[in-house]
Amino acid sequence: MTSQTWNAASYQENAGFVPILGGPVLELLGEVAGQDVLDLGCGDGVLTERLQAAGARVMGVDASAEMVAAARKRGVPAEQMDGQDLRFDARFDAVFSNAALHWMRDQDAVLQGVFRALRPGGRLVCEMGGQGNVAAEVVALHQAAAEFGLDGAALHPWRFPSPQEQGDRLAAIGFTVQRMELIPRPTPLPTGMYGWLITFAGPYTRHLPVERQEPFLRRVEAMLAPALRDQQGNWTADYVRLRFVAERP
Ligand code: BEZ
């Protein structure tokens, strides 16, 4: 299983904006009252809780035991499960996913599992990083990785598909794609780039000795400042979202 290590408190501090900005994709789900809804990559369950409050029978799954514990603490049913190995058969009316799929390397395995998990007529409503997402951060991370003796390309943990690529993948699995949009969404970072990197750059920093991790992240931050920090010192990340809706016929 691909497990991920997250610190729920640090996630809430540095990335609390992630579920807040997931509101519009939640609305795309439409009516959920009385429906069985899977939240794929539920994180700490902020949006799962909103689905539950809207009357859905929810189940959250996440690869991180820490996040599953945080979601359960919120009162939503959640299980630790790899999104690339979903173990459900025709169990849900809808699968919802916000800001999670890009962490899953094998997109075919994920979407095949979602297809199996849906009942006929069920829908997948998803937002994830799309083509060009955090491009500046990726370039800076890979440059710093080279300077610190790491192979950035080999460590690169994310998948940011284009609309064409993801649409073709969904169609090949048997989905009917109803909507597919690539949306540039510059995103203010409440705790700056350093806070963002602390939370999200673990796939790179964990390969460095502890005493080299902060210098590595400071180097990345310095490279990004001319592009992503304004004169007041506010940081904005170059997020690009891929938002789609697909139905299992
Ligand atoms: C994202 O939500 O697009 C994202 C977050 C962290 C790392 C990479 C992408």
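The values are calculated or read from the model by the stated rules, or taken from the named source; none is laboratory data. Since we're looking at a predicted model, the values are computed, not measured. Counting neighbours? That spans all protein chains shown, and the Cβs are built from the backbone with ideal geometry, glycine included. The area values use the complete protein model at the heavy-atom level, side chains included, leaving out ligands, DNA and RNA. Shrake-Rupley method; radii C 1.70, N 1.55, O 1.52, S 1.80 Å.
For the reader, a short list of remarks on this structure follows.
- Within the stretch 222-249, considering residues that are free of Cβ contacts under 8 Å to residues at least 60 places away in the same chain and within 16 Å of the ligand (Cβ to nearest atom), the one farthest from GLU27 (Cα to Cα): TRP235
- Being within 15 Å of the chain's Cα centre (by Cα) and open to solvent by less than 20 Å² (accessible area, probe 1.4 Å) holds for only one residue in GLY16, GLY41, and it is GLY41.
- THR48, sole failed condition from (1) part of a loop (DSSP other than H, G, I, E, B); (2) more than 16 Å from the ligand (Cβ to nearest atom); (3) not charged (D, E, K, R): (1)
- Only one of ALA33, ALA90 that is exposed (fewer than 15 other Cβ atoms within 10 Å of the Cβ) and free of Cβ contacts under 8 Å to residues at least 24 places away in the same chain: ALA33
- Residue that is nearest to the chain's Cα centre (by Cα) [pool: residues in the stretch 51-78 that are in a strand (DSSP E or B) and farther than 19 Å from GLN112 by Cα]: ALA78
- When the stretch 157-202 is filtered for residues that are open to solvent by 20 Å² or more (accessible area, probe 1.4 Å) and in contact with a Pro (Cβ under 8 Å, 6 or more places away or on another chain), the ones remaining, listed by number, are ARG169, GLY174, THR176, MET180, GLU181, LEU182.
- For GLN112: the one exception among (1) open to solvent by less than 20 Å² (accessible area, probe 1.4 Å); (2) more than 16 Å from the ligand (Cβ to nearest atom); (3) in contact with a helix residue (DSSP H, G or I) (Cβ under 9 Å, 6 or more places away or on another chain); (4) more than 20 Å from VAL68 (Cβ to Cβ): (1)
- Residue match in the stretch 154-172 (condition: closer than 26 Å to ARG229 by Cα, in contact with a strand residue (DSSP E or B) (Cβ under 8 Å, 6 or more places away or on another chain) and hydrophobic (A, V, I, L, M, F, W, C)): yes
- Within the stretch 130-141, residues that are within 8 Å of the ligand (Cβ to nearest atom) and modelled with pLDDT of 95 or more reach partners that are open to solvent by less than 30 Å² (accessible area, probe 1.4 Å) and of a type in the set (Phe, Trp, Tyr) with beta carbons closer than 7 Å, at six or more positions or on different chains, in the pairs ASN133/TYR239; VAL134/TYR239.
- Residue count, the stretch 94-109 (criterion: more than 16 Å from the ligand (Cβ to nearest atom) and in contact with a Lys or Arg (Cβ under 6 Å, 6 or more places away or on another chain)): 1
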